[in-house]
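Throughout, read-outs are computed from the coordinates displayed, never taken from laboratory work. If you're wondering where the values come from, they're calculated on a predicted model, not measured in any experiment. Cβ placement follows ideal geometry from the backbone for every residue including glycine, while neighbour counts extend to all protein chains displayed.
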Amino acid sequence: MDPAAVDVAAVMAQAPSSVGALFNRRVERSRNELAFKSPTADGWTSLTWAETKEQVDTLAAALLALGLQPEDRVSIASTTRLEWILLDLAINSAGGATTTIYPNTGPDEFAHIVAHSGSKFFVAENATQLAKLTGNPEVAAGISRVVLLDGDATDGVLSWTALLDLGRARLAEDPGCVQSATDATGPGTLATLIYTSGTTGVPKGVELTHGSWVYEGEMLAAMHFIEEGSLQYLWLPLSHVFGKLLIAAQLSIGFGTAVDGRQDQIVSGLGATGPNFMCGVPRVFEKVRNAVLTASPKGSLKWRISRWAFAVGYGARPYRVAGQRMPPHLAAAYKVADRLVYSKLRARLGGNIEFLVSGSAKLSSQVQDWFYSAGILVIEGYGMTETSAVTCVNHPKSPRFGTVGPALPGTQLRIAEDGEVLVKGPAVMRGYHDAPELTAEVLVDGWLHTGDIGFLDGDGYLTITDRKKDLMKSSGGKYVAPQKVENALSANIPYISQCVAVGDGRKYVSALLTLDPTNLQRWAKNHKKDDLSYAELTQLPEIRASIDRFLARANAKLESWETVKRYAILDHEFNVDEGTTTPSMKVRRSIITQQYGDVVDSLYDKEE
């Protein structure tokens, strides 16, 4: 749907004033419909919207009984699970604000977020998360009440069961307490405080209001982006802005959600629930593709059939994109390929997938084309924490490959003279928490300076090329976008887990590579080397020879000055503990080039 066709003023005039009111409207409209599914020891359990309302109101009443005041922050340190969503809805219904914390956040960053946010309440998923608080008495002193989701409560800590009991008691005394709190909450009230995982510097707290979430949800509904009654599979971290956006969209549109944050269970979860759509980050789609590419030994019958099928798919792509009929011979081949290969891939994804959405980073066009060849549409969107997740998105019915789509209705885009993307609209943050100087740096006359480089086509579709601060300049004066190089390598070398292009001020581009443990172990099994450790496998000459062959294919996708001349394979992956990735698993490029300076230097001649 054309975003320009949406009457934004009319839609927002009828919109609820807060997330809590949006939730109540959904309950009224879909009382007995499926709201959520979640895994149990025996399978999956379901909640209707009416049952969800009962739990959310009980939790909200409990928070009010504990003394929650408007905009009081409640920090949640937990993986994605149903209780996280119920708590978030309860916090917003009671007028409070959720502070999100990644469960893999280190102790120093954890302490900064809890203290800087001014959180009065803390919810820990388990003893590991609780220990991060109790191990820092100075930070713990600022917390008035603690809730533990899993495990037995101790002195001063409320269990999940005790929290529900407290809420029921409060509702018995004052049945209207939650509705009163919801009624007192407006569009400008703080709903969510998300600390950017920041590839550089101390994390900044992004203040997002109820109005931002309502706007995002209502615009996606007005665009008919997802059909009411659809089923989503949600594994994304709810501590990330993308995950929170999906809750708002669910409230506005009225689809159900299967919730399971176990990232190693995505494929089995898709098979068990059969969802209609799923959102993810590029790495997930790359891993699915790489798993298929490395599933069978090279030269085997299965390998040849798969290779043939995707060659047919690539040949059919131009006709399918243009909506044209394929030549008879190609149409016949595509049907055979679908029966032998594509249908099996779709079945592994649950059999009902209508489309997938990729966000958070740029998706390789090769990965997108590969999925499309198999009849699976992957569309891209764009946004950041500071814009409540979605600024632009391709509509499933009118995608434009290579772009992140047009802006949401009511959101404005502008390209600065240096190519930076500027954004203005209702979803832009209120500001950085307790950091007016930092806010003033990025918000100028209402325009958010995103730090991303991109361009708009004649129809308003945005293409992102790279991060402004990440651009490298060779000693020969050529600019190189590292994301482009890294995407080419990740899309063409199936063993890659992480990739960092280096070469700022150097003669040529090099790369630091880490390898995916699952695919590496599969290779080891196929080559009868499964007695070797991960670290030993990464340094095998055979692995390097294989990567050399794939690298030639990757370099063919790049300009001559962008090609990777040399690379190093590390014997371990980048991780949060060593500070080389953020809690959301984005690589910290500057830290990596510092920590692995000797390795980088070894990729260049001494005179450089």
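Descriptive notes on the structure:
- Translational diffusion of the stretch 209-258 was estimated from the Stokes-Einstein equation, with Rh taken as the Kirkwood radius over Cα pairs; at 20 °C and 1.002 mPa s the coefficient is 197 µm²/s.
- Volume of the convex hull of the stretch 416-478 (Cα atoms only), normalised per residue: 124 Å³.
- Evaluating 6.51 cos²θ - 1.76 cosθ + 1.60 at θ = phi - 60° for every residue in the stretch 14-26, the Karplus couplings come out as 9, 6, x, 8, 7, 4, x, 5, 5, 4, 4, 5, 5 Hz, glycine and proline recorded as x.
- In terms of overall dimensions, the C-alpha atoms belonging to the stretch 137-203 reach 49, 37, 21 Å along their principal axes, ordered largest to smallest.
- Note, ³J(HN,Hα) from phi for the stretch 118-133, Karplus 6.51, -1.76, 1.60, rounded to Hz, x at Gly and Pro: x, 4, 9, 10, 9, 10, 10, 5, 8, 5, 4, 5, 4, 5, 5, 7
- DSSP beta bridge pairing in the chain, given as percent antiparallel to the nearest 5: 50 percent
- For the pair VAL267 and TYR479 in one chain, pulling the backbone fully straight at 0.36 nm per residue adds 72.4 nm over the alpha carbon distance.
- Check: the chain dipole with +1 on Lys, Arg Cβ and -1 on Asp, Glu Cβ, in debye: 2740 debye
- A cut-off under 15 angstrom between Cβ atoms defines the neighbours of LEU363, and their net charge, with Lys, Arg +1 and Asp, Glu -1, is +2.
- Our note on the geometry: Cα centres of the stretch 420-461 and the stretch 547-566, 35 Å apart.
- Diffusion constant of the stretch 283-362 at 10 °C, which comes from Stokes-Einstein with the Kirkwood Cα-pair radius and 1.306 mPa s, µm²/s: 112 µm²/s
- Annotation for GLN14 and ALA41: the two label points, set 7 Å from Cα along the Cα-Cβ direction, are 4.8 nm apart.
- Distance histogram for the stretch 330-481 (every C-alpha pair counted, 10 angstrom bins, percent rounded to whole numbers): 10, 32, 28, 18, 9, 2, 0
- Note: relative contact order over the stretch 471-602, using C-alpha pairs below 8 Å and six or more positions apart, is 25 percent.
- Burial order of peptide ranges 90-99, 327-336, 266-275 (average beta-carbon count within 10 Å, highest first): 90-99, 266-275, 327-336
- Residues whose amide H comes within less than 5 Å of that of LEU238, counting only those at least five positions distant or on another chain, are THR80 (H built at 1.01 Å from N in the peptide plane).
- Histogrammed with a bin width of 10 Å, the alpha carbon distances of the stretch 406-446 distribute as 26, 49, 24, 1 percent, first bin at zero.
- Part-to-part distance (alpha-carbon centres) for the stretch 66-92 and the stretch 1-46, which is given in Å: 18 Å
- Relative compactness, the stretch 401-513, computed as alpha-carbon Rg over 2.2 N^0.38 Å: 1.27
- Once the chain from TYR604 to LYS529 is taken as fully extended at 0.36 nm per residue, the excess over their C-alpha distance is 23.8 nm.
- For the stretch 81-150, the fraction of C-alpha pairs farther apart than 16 angstrom is 45 percent.
- Once the convex hull of all Cα atoms in the chain is built, its volume per residue stands at 172 Å³.
- The protection proxy used here, the mean number of other Cβ atoms lying within 10 Å of each residue, ranks peptides 583-596, 441-454, 222-235 as follows, highest first: 222-235, 583-596, 441-454.
- Just so you know, the Cα atoms of the stretch 327-414 work out to an Rg and Dmax of 15.7, 50 Å.
- As an equivalent ellipsoid, the stretch 85-229 spans semi-axes of 27, 23, 14 angstrom, where each value is the square root of five times an eigenvalue of the C-alpha gyration tensor, largest first.
- For the chain, the 222 nm mean residue ellipticity estimated from helices alone, with every DSSP H stretch of n ≥ 4 adding -39500 (n - 2.57) and the total spread over all residues, rounds to -12000 deg cm²/dmol.
- In units of the rule-of-thumb radius 2.2 N^0.38 Å, the stretch 1-101 shows an alpha carbon radius of gyration of 1.25.
- Hull shadow area, averaged, the stretch 154-262 [alpha-carbon convex hull, nm²]: 10.5 nm²
- For the stretch 32-161, the fraction of alpha-carbon pairs in successive 10 Å shells from zero, as %: 12, 43, 33, 10, 1
- Rg and Dmax, both from the Cα atoms of the stretch 471-602 and both in Å, are 14.8, 47.
- Packing here is the average count of other Cβ atoms within 10 Å per residue, and on that basis the peptides 308-318, 116-126, 466-476, highest first, run 116-126, 308-318, 466-476.
- FRET E, pair HIS572, LYS302, Förster distance 30 Å, beta-carbon r, rounded to 0.05: 0.45
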